[in-house]
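Encoded as structure tokens, the structure appears first; notes follow it.
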Amino acid sequence: MIESYKDAGAARLIKILSEYKLQIIITAIFLSLWLVFYIINPPALSNVFTYYSIASVAPFTVLPALSLTLIIIAGEIDLSFSSIMALGALITALTWQALGEASPLGVILGLLAGLGAGLLNGVLVCKLGIPSLIATIGTMFLWRGVVLVITQGFSIPLGMYRGSAIFNILVGRVYGVPVHLLWTIGLAIVFWLILNKHKFGAYIYYVGDNRTGAQMVGINIHRVLISLYAVHGVIAAFAGIIDTLEMATFWPTLGDIYMLKSVAAVVVGGTPVTGGVGTIYGTFIGGLILEFIEMGVLTSGVTGFWIQLVHGIVIIIALAAQGILRRIELAKVRLLRILTEESEEK
Amino acid sequence: MSKRYIVEMHDIIKRFGSVVALRGVDFYVQENEVVGLVGDNGAGKSTLVKILFGIYAPDEGEIIIKGKKFRKLNPKLAYELGIILVHQERILCGNHPIWRNVFMGRELTNKLGFLKINEMKKITYECLSQLGLTRMQVETPVKYLSGGYMQGVQISRALTFEADLVVLDEPTIALSLVETQRVLEYVNKLRNKGKSSIFVSHNIYHVYPVADRFVILDRGRVVAEFYKKDLTPEDLAEIMISIARTGSVPEKYQKLNLKLTYGKGSFS
């Protein structure tokens, strides 16, 4: 039985296609990139180790990009997560150094540091009313400065803890698949569920789409934003910790390269910085695309200097595609508004 | 007139800095009544309904809703008390489907907070059908709708939530004639369902057909109140013009004025 508020067959398919057009486009870009790199270097792209290597580095870009997506949908931005990655990892490394063993306590303290840093961002943006771009540039320098002062620029080796339980839980391998990729996929699913199926996700969208309206229906905007910054802080610290463990060394500059890459992953994934719309799936694939380009450029046999160039081209193409889609959308809005208006004349 | 009062507001004063927007306003809404809140721009209509909806806090005065006294409200509390605000496009989220907008801020969820999507779509469909709005799918993003249709979506929020009082703040502004007609029909449907509404407008020809009682605000005061049955639209227009020019109601209408306390204020 077809319920009357649903529509049937072909019409439904068309609607699904138009509803998910951004996801479809981003997937198409990903597949065509794969095809291009495959044509250039078939042996490398047929080798399973290529994919293992992408799988082992992609989570560092994708993880912070996932929670960043939520912040951007809510109409704000966070640039400090790259420094929070380093902060969280440093706390973990220092705790382990002090205890002399790879204790879960270190990870918990690292995540709590991320939580604290995230809450600070939230308070600066909400309670003090500082624009998030400026506030998080401030905290970005702050936490990076804290890390540099504490370490005096030296790295902290953690290789001796390899093989410990916490290592295996966070960055081990299951049949060759990096565990941190599984963590990333798991968290992506959790974020997707929250964003699309949970009340909190609906609030995130409303806050980004129409803040006045959200406030008028009684949504606590500050609570939504502060929670988002707190979650983002924890996820950033988590990404920093797994990055450090994967490299088995803490570097004081950890996270720097991920900042713009994660922001780019969100944008390439079809989430506009204007807020109100965006998808977790897009960000996930967007992050993979950026990692894929790095690998593809290297296996193509050209120098690594090409990576940034190709990144730039892909980001611009993705943005241009979104711009064109938005224009089509506007035309559609105008047309449909006229149609619904006429329909009322009967 | 032994009807129950939904809302009573006593002696409401609201200042914005040195500007006094409301100078001791008394205002009430009864059960199953449509109140036309009219007045020129800057008379304080919007401020009054925003206080009722908890967006502003009054500086002085008290608000009694269904017998409960409040010093001030907030939007969430107002919702819980069954007051819904319908605003020209302002509350809707354009990128989101109709059903999400209808349930915005009041989502049906299970215990873990996950949305009951199909249930919400079904209820949305039923409510929109009651208003005759079936042309668009409930999954249609709201930005594709015309102004009148959007008002319909907002009014269906009131039906969905069993609100007792629907506040329509300038609901017909920027709408075409046909769409204005539509919105007036929605208000009539709300009354037929036993709900009360406050219809805020400066266009008396939009308010007149639907309101039972008119409350005329001028410069932060309620200067006059009339039952519709006592006036023709032309009478109302004459009164409005007189108030705008001289600040007072013409003598021949004074005996119909429910607001007999008027005149002892600072106007001379």
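The values are calculated or read from the model by the stated rules, or taken from the named source; none is laboratory data. This one's a predicted model, so the numbers in the text were calculated from it and none came from an experiment. Positions of Cβ are generated from backbone atoms using ideal geometry, with glycine treated the same way; all protein chains shown enter the neighbour counts.
Things worth noting here:
- Residues of region A:177-208 satisfying the condition of being touching a Phe, Trp or Tyr at 6+ places or on another chain (Cβ under 6 Å) and either more than 30 Å from residue B:90 (Cα to Cα) or among the charged types (D, E, K, R) (or both): A:188, A:197
- Selected residue (criterion: nearest to the other protein chains (Cβ to nearest Cβ)) from residues of region B:181-194 that are among the aliphatic types (A, V, I, L, M), crowded, with 22+ Cβ neighbours inside 10 Å and farther than 13 Å from residue B:31 by Cβ: B:183
- Criterion (under 28 Å from residue A:57 (Cβ atoms) and within 14 Å of another protein chain (Cβ to nearest Cβ)) met by exactly one of A:174, A:190, A:217, A:179: A:190
- When residue A:83 is tested against (1) closer than 18 Å to residue A:266 by Cα; (2) among the polar types (S, T, N, Q); (3) at pLDDT 95 or above, just one condition goes unmet, and that condition is (1).
- Residue satisfying all of: in region B:27-44; surrounded by fewer than 16 Cβ atoms within 10 Å (Cβ to Cβ) and of a type in the set (Asp, Glu); farthest from residue B:204 (Cα to Cα) among these: B:31
- Within region A:38-82, the set of residues being of a type in the set (Ser, Thr, Tyr) and assigned to a loop (DSSP other than H, G, I, E, B) comprises A:80 only.
- Test: residue in region B:104-121 that is under 24 Å from residue B:63 (Cα atoms) and either among the charged types (D, E, K, R) or more than 9 Å from chain A (Cβ to nearest Cβ) (or both): yes
- Test: residue in region B:68-77 that is of a type outside the set (Asp, Glu), more than 9 Å from chain A (Cβ to nearest Cβ), crowded, with 17+ Cβ neighbours inside 10 Å and closer than 29 Å to residue A:333 by Cβ: no
- Selected residue [among the aromatic types (Phe, Trp, Tyr), more than 14 Å from chain B (Cβ to nearest Cβ) and touching an Asp or Glu at 6+ places or on another chain (Cβ under 7 Å)] from A:258, A:229, A:281: A:229
One line per residue, one yes/no per condition, for (1) in contact with a helix residue (DSSP H, G or I) (Cβ under 8 Å, 6 or more places away or on another chain); (2) at pLDDT below 85; (3) away from chain B (no Cβ under 14 Å):
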| residue | (1), (2), (3) |
| --- | --- |
| A:269 | yes, no, yes |
| A:275 | yes, no, no |
| A:286 | yes, no, yes |
| A:289 | yes, no, yes |
| A:293 | yes, no, yes |
| A:313 | no, no, yes |
| A:329 | no, yes, no |
| A:339 | no, yes, no |
| A:345 | yes, yes, no |
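- Screening A:249, A:184 for residues that are away from chain B (no Cβ under 14 Å), in contact with a Ser or Thr (Cβ under 9 Å, 6 or more places away or on another chain) and polar (S, T, N, Q) leaves exactly one candidate, A:249.
Residue-wise test of (1) in contact (Cβ under 8 Å) with a residue 12 or more places away in the chain; (2) surrounded by fewer than 19 Cβ atoms within 10 Å (Cβ to Cβ); (3) farther than 26 Å from residue B:82 by Cβ.
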| residue | (1), (2), (3) |
| --- | --- |
| B:179 | yes, no, yes |
| B:196 | yes, no, no |
| B:212 | yes, yes, no |
| B:225 | yes, no, no |
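- Subset tally (residues that are aliphatic (A, V, I, L, M) and surrounded by fewer than 17 Cβ atoms within 10 Å (Cβ to Cβ)) for region A:83-108: 4
- Which listed residue is part of a helix (DSSP H, G or I), more than 17 Å from residue A:23 (Cα to Cα) and under 19 Å from the mean Cα position of the chain (by Cα), from A:296, A:282, A:312, A:286: A:312
- Criterion (under 25 Å from residue B:6 (Cβ atoms) and at pLDDT below 90) met by exactly one of B:112, B:131: B:131
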